[in-house]
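This report concerns only the one structure given below.
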Amino acid sequence: MAAAAVLTSGINICGGFVLTKRMLDMFKRKTDPKEYNHLYAIPGIAAIGSLLGSHMMGVPNIYQMGYLFSSLCCLGGISGLSS
């Protein structure tokens, strides 16, 4: 049930981003600069890759470091949205 809840909430969040992007694109002019939103995935991919690499090398307490990293990113995202 927890996996289904996470999957459903992930679909909901992604759908919200897609819908918001489509709505904002209605107000975009032809002269606006190109956006490179796909580059936002690079830090996430690097973090997940380093977490998995550290797990394979046997680093102790790597999951606690992953929890700390994700909580700090969450707080940074919230503070970025609030400013």
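Of all residues in segment 48-83, which are out of contact with any helix residue (DSSP H, G or I) (no Cβ under 6 Å at 6 or more places or on another chain) and of a type in the set (Gly, Ala, Ser)?
Within segment 48-83, Gly49, Ser50, Gly53, Gly58, Ser70, Ser71, Gly76, Gly77, Ser79, Gly80, Ser82, Ser83 meet the criteria.
Residue-by-condition table, conditions (1) aliphatic (A, V, I, L, M); (2) in contact with a strand residue (DSSP E or B) (Cβ under 8 Å, 6 or more places away or on another chain); (3) more than 19 Å from Cys14 (Cβ to Cβ); (4) surrounded by 10 or more Cβ atoms within 10 Å (Cβ to Cβ):
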| residue | (1), (2), (3), (4) |
| --- | --- |
| Leu39 | yes, no, no, no |
| Ile45 | yes, no, no, no |
| Gly49 | no, no, yes, yes |
| Met57 | yes, no, yes, no |
| Phe69 | no, no, yes, yes |
| Cys74 | no, no, no, yes |
| Ser79 | no, no, yes, no |
| Ser82 | no, no, yes, no |
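We did not get these values from a lab; they are worked out from the coordinates using the rules stated. Being a predicted model, the structure only gives us computed values, none of them experimental. Note: ideal-geometry Cβ built from the backbone for every residue, glycine included; neighbour counts use all protein chains shown.
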